[in-house]
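Below you'll find the structure, written out as structure tokens, and then a few comments.
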Amino acid sequence: MTVNMASWDRIVRLIVAVVFILLSAFVLRFNTLGIILTAIGAIFILTSLVGWCPLYTLLGFRTKR
């Protein structure tokens, strides 16, 4: 696993993840869409902390130069 995410990409993912989780908790009250957003948020947090996105690897895409 080599890092394939730039620091700006990791920060944006963290911000989006927090928004998804807060939206899920306070607006959607953890209904089906809320659970999906929570799962996506958790995946975004994990990938931003590790710095490696498996989807980027599959598509041959990287934001880190």
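The values are calculated or read from the model by the stated rules, or taken from the named source; none is laboratory data. Predicted model only: the values in this text are computed from it and were never measured. Neighbour counts run over all protein chains shown; Cβ positions are idealised from the backbone, glycine included. Only protein heavy atoms, including side chains, enter the accessible area calculation; ligands, DNA and RNA are left aside. Shrake-Rupley method; radii C 1.70, N 1.55, O 1.52, S 1.80 Å.
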**Complete:** Listed by first then second residue, the pairs whose first member lies in the stretch 44-65 and is more than 12 Å from residue 13 (Cβ to Cβ) and surrounded by 10 or more Cβ atoms within 10 Å (Cβ to Cβ), whose partner is at pLDDT below 95 and among the β-branched types (Val, Ile, Thr), with beta carbons under 6 Å and at least 6 positions apart or on separate chains, are 64/3
**Complete:** Here the residues within the stretch 8-42 that are without any contact (Cβ under 8 Å) to a residue 24 or more places away in the chain and closer than 28 Å to residue 65 by Cα are 12, 15, 18, 19, 40
**Item:** Residues (among the hydroxyl-bearing types (Ser, Thr, Tyr) and open to solvent by 70 Å² or more (accessible area, probe 1.4 Å)) located in the stretch 8-43
**Value:** 32
